[in-house]
Amino acid sequence: MPETTRPSLTSGGWKQLPFEAFREGVTIHWIHRFEGDQPGVALLKYEPGAAVPRHRHEGLETILVLDGIQSDETGDFDYGSYIVNAPGTEHSVWSASGCVVLIQWDRPVTILKEDMA
């Protein structure tokens with residue numbers, strides 16, 4: 001199987017993949033890590049109540065929601081939602097119920113405000 005192919009992600013194939021720590025309450029399965037000027041592609045799994053603090057997109061970001069609901073300041077996005085965040089945009093992301101998303105970043109994001117614990 002080619003390195004970039006994964007089991008049918010839209011029918012739950014992601015459930016069999018290994019995930020590693022990314023942020024508190026969020027794990028990641030890298031499909032393609034950032035390499036030079038190549039984009040990063042990954043699956044992010046949010047536990048219920050998990051969040052990513054406010055950040056700025058240094059390049060285009062696209063997201064496909066595979067399970068659950070991902071939210072940001074513009075609304076709630078459930079299964080099948082396709083989200084595009086343009087370079088220079090800022091937001092926070094969270095999931096009250098938990099979710100899994102397929103995400104591609106042209107460039108890593110810049111965290112603007114870390115969680116205050």
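Simple point charges give the picture: +1 on the Cβ of Lys and Arg, -1 on the Cβ of Asp and Glu, and for the chain a dipole about the Cα centre of about 200 debye. The residues Tyr79, Tyr46, sorted by heavy-atom accessible surface at 1.4 Å with ligands and nucleic acids left out, run Tyr79, Tyr46 from largest to smallest.
A value for Kirkwood radius over Cα pairs in Å was derived from the coordinates, and within the list [x] 14.4; [y] 17.2; [z] 15.2 it appears as [x]. Other residues with beta-carbon under 12 Å from the beta-carbon of His57 carry, at +1 per Lys or Arg and -1 per Asp or Glu, a net charge of -2. Computed over the chain with a Gaussian network model linking Cα atoms closer than 10 Å, the most mobile of Gln104, Gln70, Gln16 is Gln16.
As a rough guide to protection, the peptides 48-55, 105-112 ranked by mean Cβ packing within 10 Å, highest first, stand as 48-55, 105-112.
All other residues whose Cβ lies under 14 angstrom from that of Glu73 are scored, Lys and Arg at +1 and Asp and Glu at -1, for a net of 0.
The values are calculated or read from the model by the stated rules, or taken from the named source; none is laboratory data. If you're wondering where the values come from, they're calculated on a predicted model, not measured in any experiment. Positions of Cβ are generated from backbone atoms using ideal geometry, with glycine treated the same way; all protein chains shown enter the neighbour counts. Surface accessibility is based on the protein's heavy atoms, side chains included, excluding ligands, DNA and RNA. Shrake-Rupley method; radii C 1.70, N 1.55, O 1.52, S 1.80 Å.
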